[in-house]
Amino acid sequence: MDNAVHKYVHGYSKREIKRLVDQATTLAELLHSDTKYPAGASILEAGCGVGAQTVTLVKNSPEAHFTCVDISNEYLQIAKACVEATGYNNASFQKADIFDLPFSDNHFDHIFVCFVLEHLKNPIKTLLHLKSKMKPGGSITVIEGDHGSTYFHPDSKEAWQTIQCLIDLQSQIGGNSLIGRQLFPLLTQAAFNAPSISPRMVYVDSSRPEYVEGFTKNTFISMVEGVRSQAINSGIIDELTWEKGIKDLCRTTEMDGTFCYTFFKGVAYK
Ligand SMILES: C[S@@+](CC[C@H](N)C(=O)[O-])C[C@H]1O[C@@H](n2cnc3c(N)ncnc32)[C@H](O)[C@@H]1O
């Protein structure tokens, strides 16, 4: 666990479970329309969480097999139940640490990792560990966000301050919520071949009510609100500024508001 972030900035609450599922459901098409694996392929999903991405992976590649690992037993049980509920049986789940994976080298055809590198202290070391478990010629798919890619209307200094609290708190425990922009150099430094990065922008206005609910409110604002106590208790923001910032973020979900955020999807080969 040396390289893992010992405290997970988003925590393991019911609210976070709902947030991960809302996030994945809303973004399934944007992030996964091109995530497809061939029949018979063996794929490691590292840090599967509650299986929010897994349900899309198994549907998109019904003849591939997914081995899904996470360090949280509680999350793994939820992930297993969520995938079973889809009726697909091409995934198995086991508790494992990315830095101590119980698989031989060159074991998997492909690796998939989503929203995990941002929480780990040494993303290059993480990528190298994962690479050792891939067969030569196999692909790795890495998806990460980047909170610095956020902009919205109406703009608000206080809203920015609340987002900055999340960025700072995650950084204090060794994570990096601005990692999306670094996928190309990270994959290159981990000596993967032909890294290719595609930015996936979420644009939200009131003509897309499912994005207003599923992304701006239930994914992004919920994520920022999740660090309220940590931010105020640590003194990096005062309560009044925090409340104004959250109110202003919510204001972007009204009829004339807009919200933008960019995810980065990288694919590279061993
Ligand atoms: C933000 S969640 C993302 C979950 C899932 N990939 C998704 O997109 O919904 C990050 C996950 O990484 C897991 N994780 C963190 N460090 C890990 C490690 N060293 N080994 C395995 N899983 C880890 C956490 O338990 C958590 O479930």
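The values are calculated or read from the model by the stated rules, or taken from the named source; none is laboratory data. None of these values were measured; they are calculated from a predicted model. So basically every Cβ, Gly included, is an ideal-geometry build from the backbone, and we count neighbours across all protein chains shown.
Can you find even one residue in the stretch 208-220 that is farther than 19 Å from THR241 by Cα, small (Gly, Ala, Ser) and at pLDDT below 95?
Yes, because at least one residue in the stretch 208-220 is farther than 19 Å from THR241 by Cα, small (Gly, Ala, Ser) and at pLDDT below 95.
Output the qualifying pairs, or none if there are none: Cβ atoms under 6 angstrom, residues six or more apart or on different chains, first residue in the stretch 256-270 and within 13 Å of THR150 (Cα to Cα), second residue part of a strand (DSSP E or B) and of a type in the set (Phe, Trp, Tyr).
Filtered contacts from the stretch 256-270: PHE259/PHE152; CYS260/TYR151; CYS260/TYR203.
Which residue is nearest to the ligand (Cβ to nearest atom), if the candidates are limited to the stretch 120-141 and must be in a helix (DSSP H, G or I) and surrounded by 22 or more Cβ atoms within 10 Å (Cβ to Cβ)? Let's see the steps before the verdict.
Our first condition is that a residue be in a helix (DSSP H, G or I); within the stretch 120-141, this holds for 123-132.
Filter again for surrounded by 22 or more Cβ atoms within 10 Å (Cβ to Cβ), leaving 123, 126-127, 130.
Numbers: PRO123: 12, THR126: 8, LEU127: 13, LEU130: 10 Å.
Selected residue: THR126.
Just checking, which of GLU16, GLU45, GLU29 is of a type in the set (D, E, K, R) and modelled with pLDDT under 90? If you could, list the steps in order and put the result at the bottom.
Details: GLU45 fails: modelled with pLDDT under 90; GLU29 fails: modelled with pLDDT under 90.
Unique residue meeting the criteria: GLU16.
Just to be sure before I move on: is GLU74 touching a residue at least 24 places away in the same chain (Cβ under 8 Å), surrounded by fewer than 22 Cβ atoms within 10 Å (Cβ to Cβ) and at negative phi in the structure I sent?
Numbers: touching a residue at least 24 places away in the same chain (Cβ under 8 Å): yes; surrounded by fewer than 22 Cβ atoms within 10 Å (Cβ to Cβ): yes; at negative phi: yes.
Yes: the conditions hold for GLU74.
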